[in-house]
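Working notes, structure below.
Laboratory data are not the source of any read-out in this text; all were calculated from the coordinates shown. None of these values were measured; they are calculated from a predicted model. Reconstructed Cβ throughout: ideal geometry from the backbone, glycine too, with neighbour counts over all protein chains shown.
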Amino acid sequence: MNVLGLQGSPRKGNTCFLLSEFMRAAEKLGAAVATVDVREKNILPCTECRVCETCGFCPIDDDMTAEVYTLLREADIVVMAAPVFFYSVPAQLKALIDRSQALWARRNRLGLEDAGSRWRKGFLLSLGATRGKKLFDGIRLTARYFFDAVGARSAGELVYRGIEHRGDMEKQEGAAADIEKAVQELMHPFRLRKKILFVSTDNASRSQMAAAFAQRLFGDRLDCLSAGIRPAAQVNPAMVSVMAEKGMDMAFRRTRSLDAVLQAGLPDAVVAMGPGETCTPVPGAVRENWNVPDFAGGSLDAMRRVRDHIEKLVIERIGHI
Ligand SMILES: Cc1cc2nc3c(=O)[nH]c(=O)nc-3n(C[C@H](O)[C@H](O)[C@H](O)COP(=O)(O)O)c2cc1C
C-alpha cells in the first residue's frame with residue numbers, strides 16, 4: 001500500500017511536523033510512504049496553455065512531470081498537508097494542485113481511466129493561526145477538487161486552530177491520538193487486501209496490463225503489483241496506446257525490478273505471465289503461469305490480442321484469489 005504525503009508549507013514548521021507524524025504512523029502500519037515536500041521541489045505554476053486538455057500531458061519540464069504525476073498515480077492514499085495562507089494554501093502547493101489539471105484532463109477530456117481511481121483516498125491535514133469558524137472553508141474546497149482531479153475520494157481531515165509559531169503543533173494536546181486513530185481508520189480497508197504480483201521479463205507490457213486490469217476490477221481487495229526479471233527502462237508505448245483504446249490510462253506507469261518489489265513485502269500470489277518468467281518461490285504464495293507469449297516487438301494488432309487475452313484471464317482467474 002502506498003501513502004503519498006504532500007508537504008505544502010514553505011518552511012520547516014507545523015505542517016512538516018504534523019505530516020511527518022502522520023506518515024510515521026502510516027509506515028508503522030505497513031505502508032510504503034513517500035513525501036513530496038514543496039520546499040525541495042521545482043514545480044512551476046500552470047500557464048493555462050491548455051495543452052493537457054488536448055494531449056493529456058503538461059509541456060512544462062520540471063519535477064511535476066519527472067516524478068509527481070507518477071507518485072500521485074501510484075498512491076492508494078494521498079495526504080495533502082497545508083497551513084492556511086489567506087484562507088487558501090501556500091503558493092508552492094497551489095502550483096502543484098493547479099498542475100494536477102493534466103490528470104483531470106486525461107479523465108474528463110480524453111476519457112482515460114486510471115485503474116487506481118476507484119479505490120484511492122484523499123486525506124487533508126491543515127492548521128492556521130486564528131480560530132474562526134470558517135478558517136478551513138477555502139482549503140477544504142481546494143482539497144476536495146484536488147482529490148477529485150487526482151482520482152481520490154475525500155476520506156477525512158485533521159485540522160487545528162490557534163497554531164502560529166514554530167513548535168505550536170508539537171504542543172497541541174491530543175494530536176498524537178488523533179493521528180493514530182485517523183491513520184488506522186484510513187488504512188484499515190487497504191490492510192485487509194491480499195497482495196498479487198504479476199511477473200514478466202521486462203515489466204513493460206503484459207505484467208503491467210494484468211496489474212492494471214486486476215486493480216481496476218479487484219483493487220478493493222487486492223493490492224496489484226507488477227515487476228520484471230530484467231525491467232526495461234520504461235513501459236512500452238505501444239502497450240500504453242492499446243490500453244488507451246480500452247479507456248485505460250497507463251501513461252505514468254513505471255517499470256520495477258522483481259528484487260525491489262519483493263524487498264518491499266512478499267506477495268500472497270504470484271502470476272508468471274509467460275513461460276520461463278517466474279521468480280524464486282515465495283513461501284506460502286499461490287503460483288500460476290499464464291503462458292502469455294511476449295509480443296512486445298510485434299504489431300499493434302498483436303498487442304491488442306495480448307491485451308484482450310490478459311483481460312479475459314484476469315476476469316476468469318483472479319476473482320477467486
Ligand atoms: C502569508 C501568510 C498568510 C497567512 N494567512 C493566514 C490566515 O489567513 N489565517 C490564519 O489563521 N493564519 C494564517 N497564517 C498563519 C499560518 O497559517 C500559521 O503560522 C501556521 O502555523 C504556519 O504553518 P507552518 O509552520 O507549517 O508554515 C498565515 C501565514 C502567512 C505567512
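Relative to the longest principal axis of the Cα atoms of the chain, helix 175-191 runs at roughly 20 degrees. Take the convex hull of the alpha carbons in region 194-317; its mean projected area over all directions comes to 6.9 nm².
For region 19-55 and region 121-164, what is the centre-to-centre distance using only Cα atoms, to the nearest Å? Value for the Cα centre distance between the two parts: 15 Å. Can you tell me the 0 to 90 degree angle between the C-alpha axis of helix 137-149 and the longest principal axis of the chain, rounded to 10? Roughly 10 degrees, rounded to the nearest 10. Normalised by residue number, the volume inside the convex hull of the Cα atoms of region 2-191 is 106 Å³ per residue.
Listed by Cβ neighbour count within 10 Å, with the fewest neighbours leading, T130, T65 appear as T130, T65. Taking the longest Cα principal axis of the chain as reference, the axis of helix 14-28 is set at about 40 degrees.
For region 2-191, the Cβ-based charge dipole about the Cα centre amounts to some 440 debye (Lys, Arg positive; Asp, Glu negative; other atoms uncharged).
Gain on full extension, evaluated as 0.36 nm per residue between A129 and N42 minus their Cα-Cα distance, stands at 28.6 nm. Its Kirkwood hydrodynamic radius, worked out from the mean inverse distance over all distinct Cα pairs, puts region 100-234 at 17.7 Å.
Cα-based radius of gyration for region 37-99, normalised by 2.2 N^0.38 Å, reads 1.16. For the chain, the C-alpha radius of gyration sits at 1.04 times the compact-globule guess of 2.2 N^0.38 Å, with N the residue count.
For region 260-321, the pair-distance distribution built from all alpha carbon pairs, in bins 10 Å wide starting at 0, is 19, 44, 31, 6 percent. Dipole orientation for the chain: of the candidates G156, Q263, V79, G156 has the Cα lying most toward the positive pole (charges on Cβ; Lys, Arg +1; Asp, Glu -1). Per the Kirkwood formula applied to alpha carbons, region 21-134 shows a radius of gyration over Rh ratio, Rg over Rh, of 0.98. Put a plus charge on the Cβ of each Lys and Arg, a minus charge on the Cβ of each Asp and Glu, and nothing anywhere else: the dipole of region 193-321 about its Cα centre is then about 180 debye.
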